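Beneath this line is the structure, given in structure tokens, with notes to follow.
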Amino acid sequence: MSSAWFLAQAGHEVTVIEREPGPGLQTSFANGGQISVCHAEPWANPKAPWKILKWLAEEDAPLLWRPKADINQWRWGLRFLRECTPARARANLKSLVRLGLYSRAQLQSLRASTGLAYDALTRGILHYYTDEREFAAAIPAAAHMRESGLDRQIKTTAECIGIEPALAHARKIIVGGTYTPSDESGDAHKFTQALAERAAALGVRFRYGTQVLHLDGEESCEVNGAALRWQDEDGLWQTGSIKADAYLVCMGSYSPRLLKSVGITLDVYPVKGYSVTIPVRDGDHAPEVSLTDDGHKLVFSRLGDRFRAAGTAELNGYDLSLNPVRCAALLKRTQEIFPQAGDYAQASFWAGLRPATPGNLPYIGRTRYPNLFVNTGHGTLGWTEGAGAGHAVAQMISGQQPELDYPFCRGL
């Protein structure tokens, strides 16, 4: 949606093809809500393989691998391990920080110019620790992030509770934290819906409930069309096509499936994440600062009269079913930390597919087809990076050099 918005602002005639009946109904629907620039470390780092091995036998582990007879899954896993070297992790982190800072600035500018309301809070993100060793390791990591221009501050237990009083019940288990006052939170679904309305008013056309079956193109030539399928008012399937001067693929985890039709392979694999959304019962006991629970790899965000806990990662193909064990673990941890914050009997669970790349760097830019572009693979940082990625790819499609210093795709 950010891509469509910035393209329309640049003067392009834009049509959005969306298989869902409305905007923001997949991965943007109920994610963690954090604009987490200062916590953008890649999953692939030197410690990751050992943690993954430890979690393999735990059904409620932060990361769950479901081995499949799927060459894409195994190829992705091997390339993930390759990205875990110190040198690659450092390089990926620098690129993620640049993209995140640029994107947050674009989001803030967009919000100021449009007045979009999406339960945004600009009170920072507090990352708290319940393990002394993990907290000790976070201290030099925070110093490294400050050297990169990010404002990650070390906080004592008392300071953590001073920043977010709703953590008082968990005082005994919190050993310290890091706080980044410049980070934000907000409802990505509300944002996407509101921006879609503004985009429509700007002239963007939307074709909801329409699937893109495949692209038509020959190697080294331009893409000359996209085949579509949709249901008419009588529920009958219809087919057709659409032609354009340029095509931009922003289909999240489903992008590789479409691009395969023109011989392009992306290292994007769906990583399922879970969330639970809870009505606030007592505002004084519900968090208002967005939080990250390091021990359980969960985030908590206040969204108006609701608060949300989200996290975990499950490599299980395109399966969207809710694992009751993982749902129960998510709710249990939330109740442990905030026992009086919400009406837990009314908790609503959800799962979505994050389009993850092995090194966490999204694909943004041009393919080997001169009129085919991509903007996908943002993993857990789609909400953090969306505005900046959309603005950068709009500049590229407009024939401009992007302002952002990033390893863009060129001839993918």
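Tell me, which residue of the stretch 149-165 that is under 30 Å from residue 110 (Cα atoms) and open to solvent by less than 30 Å² (accessible area, probe 1.4 Å) is farthest from the chain's Cα centre (by Cα)?
It comes out as 164.
Restricting attention to the stretch 166-212, and to residues there that are without any contact (Cβ under 8 Å) to a residue 40 or more places away in the chain and more than 23 Å from the chain's Cα centre (by Cα), which single residue is nearest to residue 282 (Cα to Cα)?
168
Could you pull out the residue among 117, 168, 143 that is of a type in the set (A, V, I, L, M) and closer than 30 Å to residue 407 by Cβ?
Exactly one of 117, 168, 143 is of a type in the set (A, V, I, L, M) and closer than 30 Å to residue 407 by Cβ, namely 143.
Looking at the stretch 104-125, which of its residues are assigned to a loop (DSSP other than H, G, I, E, B) and surrounded by 15 or more Cβ atoms within 10 Å (Cβ to Cβ)? Step through it out loud before you land on a result.
First, the residues of the stretch 104-125 that are assigned to a loop (DSSP other than H, G, I, E, B): 115-120, 122-124.
The answer is 116, 118, 119, 120, 123, 124.
Say we look at the stretch 355-371 and pick out the residues that are assigned to a strand (DSSP E or B) and touching a helix residue (DSSP H, G or I) at 6+ places or on another chain (Cβ under 7 Å); which of these is surrounded by the fewest Cβ atoms within 10 Å (Cβ to Cβ)?
The extreme case among them is 366.
Name the single residue, out of those in the stretch 226-237 being of a type outside the set (A, V, I, L, M) and either modelled with pLDDT under 95 or within 18 Å of residue 1 (Cβ to Cβ) (or both), that is most open to solvent (accessible area, probe 1.4 Å).
Among those residues, the one meeting the criterion is 233.
Assess whether residue 52 counts as being out of contact with any Leu (no Cβ under 7 Å at 6 or more places or on another chain) and without any contact (Cβ under 8 Å) to a residue 60 or more places away in the chain.
Against the criterion (out of contact with any Leu (no Cβ under 7 Å at 6 or more places or on another chain) and without any contact (Cβ under 8 Å) to a residue 60 or more places away in the chain), residue 52 does not qualify.
Would you be able to say whether some residue in the stretch 385-393 is surrounded by fewer than 24 Cβ atoms within 10 Å (Cβ to Cβ) and under 19 Å from the mean Cα position of the chain (by Cα)?
Scanning the stretch 385-393, I find no residue that is surrounded by fewer than 24 Cβ atoms within 10 Å (Cβ to Cβ) and under 19 Å from the mean Cα position of the chain (by Cα), so the answer is no.
How many residues are more than 23 Å from residue 183 (Cα to Cα) and aromatic (Phe, Trp, Tyr) when one looks only at the stretch 383-412?
Final tally of qualifying residues: 1.
Between residues in the stretch 376-396 that are part of a helix (DSSP H, G or I) and residues that are open to solvent by 10 Å² or more (accessible area, probe 1.4 Å) and of a type in the set (D, E, K, R), which pairs lie under 7 Å by C-beta distance while being six or more apart or on different chains?
The qualifying pairs are 379/354; 380/354; 396/366.
Just checking: which of the strands (runs of 3 or more DSSP E) contained wholly in the stretch 126-223 hold 1 or more residues that are farther than 28 Å from residue 11 by Cβ and among the small types (Gly, Ala, Ser)? Give the derivation first.
Values: elements: 153-155, 176-180, 205-208, 210-217.
By residue number, 176-180.
For residue 262, are the conditions met, namely being closer than 28 Å to residue 17 by Cα and touching a strand residue (DSSP E or B) at 6+ places or on another chain (Cβ under 7 Å)? Break it down stepwise before answering.
Numbers: closer than 28 Å to residue 17 by Cα: yes; touching a strand residue (DSSP E or B) at 6+ places or on another chain (Cβ under 7 Å): yes.
In short, yes.
With respect to residue 164, determine if the residue is in contact with a Pro (Cβ under 6 Å, 6 or more places away or on another chain) and of a type outside the set (Lys, Arg).
On the way: in contact with a Pro (Cβ under 6 Å, 6 or more places away or on another chain): yes; of a type outside the set (Lys, Arg): yes.
Against the criterion (in contact with a Pro (Cβ under 6 Å, 6 or more places away or on another chain) and of a type outside the set (Lys, Arg)), residue 164 qualifies.
Among the residues of the stretch 66-99 satisfying the criterion of being in a helix (DSSP H, G or I) and small (Gly, Ala, Ser), which is surrounded by the most Cβ atoms within 10 Å (Cβ to Cβ)? Please lay out each step first, then the result.
As a first pass, look at the stretch 66-99 and keep what is in a helix (DSSP H, G or I): 71-82, 86-99.
The next check asks that each one be small (Gly, Ala, Ser); those that pass are 77, 87, 89, 91, 95.
On the way: 77: 16, 87: 7, 89: 21, 91: 16, 95: 19.
Ranking the candidates gives 89 first.
Under the condition of being of a type in the set (Ser, Thr, Tyr) and surrounded by 21 or more Cβ atoms within 10 Å (Cβ to Cβ), which residue from the stretch 1-26 is farthest from residue 244 (Cα to Cα)? Spell out how you get there, then give the answer.
First, the residues of the stretch 1-26 that are of a type in the set (Ser, Thr, Tyr): 2-3, 15.
Subsequent filtering for residues that are surrounded by 21 or more Cβ atoms within 10 Å (Cβ to Cβ) retains 2-3.
Numbers: 2: 19, 3: 16 Å.
Of everything passing the filter in the stretch 1-26, 2 is farthest from residue 244 (Cα to Cα).
When you check residue 41 against the structure, is it modelled with pLDDT under 90 and either surrounded by fewer than 17 Cβ atoms within 10 Å (Cβ to Cβ) or part of a loop (DSSP other than H, G, I, E, B) (or both), yes or no?
When the stated conditions are applied, residue 41 passes them.
Does residue 135 satisfy being touching a His at 6+ places or on another chain (Cβ under 9 Å), modelled with pLDDT of 90 or more, surrounded by 13 or more Cβ atoms within 10 Å (Cβ to Cβ) and not small (Gly, Ala, Ser)? Before you say what the answer is, go through the steps one by one.
Working: touching a His at 6+ places or on another chain (Cβ under 9 Å): no; modelled with pLDDT of 90 or more: yes; surrounded by 13 or more Cβ atoms within 10 Å (Cβ to Cβ): yes; not small (Gly, Ala, Ser): yes.
No.
Taking the options 208, 179, name whichever one is open to solvent by 10 Å² or more (accessible area, probe 1.4 Å), of a type in the set (Ser, Thr, Tyr) and in contact with a His (Cβ under 8 Å, 6 or more places away or on another chain).
179
The values are calculated or read from the model by the stated rules, or taken from the named source; none is laboratory data. Keep in mind it's a predicted model, so treat the numbers as computed, not measured. Because the Cβ atoms are built from the backbone with ideal geometry, glycine has one as well, and the counts that use them run over all protein chains shown. Accessible surface areas use protein heavy atoms only, side chains included; no ligands, DNA or RNA. Shrake-Rupley method; radii C 1.70, N 1.55, O 1.52, S 1.80 Å.
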